[in-house]
1. Grab the other residues whose beta carbon is less than 15 angstrom from that of Gly12, score K and R as +1, D and E as -1, and report the net.
2. Report the relative contact order of the stretch 248-330, percent, no decimals, based on alpha-carbon pairs under 8 angstrom and at least 6 residues apart.
3. Give the accessible surface of the chain per residue, rounded to a whole number of Å², with probe radius 1.4 Å and ligands, DNA and RNA excluded.
4. Can you give the alpha-carbon Rg of the stretch 16-77 over 2.2 N^0.38 Å, where N counts its residues?
5. What lysines does Lys73 reach when the alpha-carbon gap must be under 24 Å and sequence neighbours fewer than 8 apart in one chain are set aside?
6. Quick one: Debye curve from the alpha-carbon atoms of the stretch 1-155 only, equal weights, vacuum; give me log10 I(q)/I(0) at q = 0.14, 0.20 Å⁻¹ to two decimals.
7. From the protein chains alone at 1.4 Å, what is the descending order of accessible area for Cys325, Cys410, largest first?
8. Distance check, please: which entries in Lys78/Lys264; Lys264/Lys293; Lys78/Lys130 exceed 31 angstrom between their Cα atoms?
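The values are calculated or read from the model by the stated rules, or taken from the named source; none is laboratory data. Since this is a predicted model, take the numbers as computed values, not measurements. Don't worry about glycine lacking a Cβ; one is built from the backbone with ideal geometry, like all the others, and counts go over all protein chains shown. Protein only, heavy atoms only, side chains kept; ligands, DNA and RNA dropped before computing areas. Shrake-Rupley method; radii C 1.70, N 1.55, O 1.52, S 1.80 Å.
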Amino acid sequence: MIWIEEVSSYEGKEVEIHGWLHNRRSSGKIHFLTIRDGTGIIQGVILRDNVSSDTFKLADRISQESSIIVRGKVREDKRAPGGYELEINGILLVHSAEPYPISKKSHGIDFLLSHRHLWLRSRRQYAILKVRGEVILAIHEFFDSRGFTRFDAPILTPSACEGTTTLFEVPYFDSKVYLSQSGQLYAEAGCMALGKVYTFGPTFRAEKSKTRRHLTEFWQIEPEVAYANLDDIMKLAEDFVTYIIQRVVERRKEELNILERDTKPLELIKTPFPRITYQQAIDLLNKQNETSKTQWGEDFGAPQEAYISQQFKLPVLIHRYPAECKAFYMKRDPEDSHLSLCVDMLAPEGYGEIIGGSQREDDLATLEQRLQEFNLPKEPHEWYLDLRRYGSVPHSGFGLGLERLLAWICKSHHIREMIPFPRTIDRSSP
Ligand code: 4AD
Ligand code: MG
């Protein structure tokens, strides 16, 4: 048995392929079966004269997505999808599928999402998941090559990292805990032990908004580096994104092609990325729209981010937002205490924020005061404050949203196709 992805090394040879029937066409004396096995698709040809009449009849009635084992000779054929064809001489029906709910005609998104477990088998979803797999590998390799240790943060947590309005509460014996919004606070403990760490895990936000870029469960990658300042992690973030994009463009051409993704904008991605301050971003927005001005102090919403990111061919780093619209743990700019030493990276082509990060407040008394200002309880943060009691150092990090990055790479309208089983405000199944 061989996998379809290996077919090019079997030219002229007899092989066996284990897969599913993707598609079927017939014309009297000849049947064409498109077979997929999860590594690729191949067209199989069955000539009436080459097989028994039982096999020929069987080929005419196999239903879409039936599992089959086919045997035959591999033949190069430039016109065939994938460049090879299989001259089939034997078929074993493993399981005859019931009438398949997903056909070639277009289906509504709700129908497709309800059949997500089957929708995953279609070409576009296959390509997205291949790209996702490649990005995940690239992430691990990037950090490994730079001496980072993967550090797993807990999912059940006693407190909020990113504000109390998007917390999922979970009963925990006689008390309650929350699903983690971010592994950051734990990564901070990790970097004090291991120097350079990154988390890679699911994070949760009870986002009540229905948007194209919010999931309630998404995967986040969060590096945290001891002794690093804001500049250091801006540099890390642009190196990181560049590495991932170059790697995907190089290794996932075929999948990007299936997605009809124009790869030219991706091929342009290289460091350094443009950097602007929040103030410069405000000026850019207000120059464009004289009538509805963005007020200083507001965080940017999707339309503002889309406008800013369309002004650049590369991802843009916006740094030093007003402290009032950002998180409690961010260090203030010593040159202007109204600002946080933070950065957002907006992806080009209108995609908006894919990364958020900052230098962390490392002074005990200041951090205690911030907890008060943000109305956060002190007790569940005592362990976090300890990091400022025992050998506190400057440190910084950021979080990349995996599905946001993928939506840009795949140029997908909506983030929900970027994860095998999306969770949103109105969907938690299948
Ligand atoms: O900007 P955020 O909220 O930052 C943090 O969570 C920090 N603790 C990260 C850090 O410094 N270690 O989230 C980081 C990224 C966003 O830029 C976005 O890409 C993604 O996570 N993200 C979401 N992705 C999908 N659905 C959501 N609801 C998301 N919320 C954030
Ligand atoms: Mg953010």
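1. Surrounding charge for Gly12 is -3.
2. Reported as a whole number, the value is 36 percent.
3. 48 Å²
4. Compared with the compact-globule rule of thumb, the stretch 16-77 sits at 1.04.
5. Lys13, Lys29, Lys57
6. Log-scaled intensity ratios, in q order: -0.78, -1.25.
7. So the residues, ranked largest to smallest area, are Cys325, Cys410.
8. Flagged as over cut-off: Lys264/Lys293.
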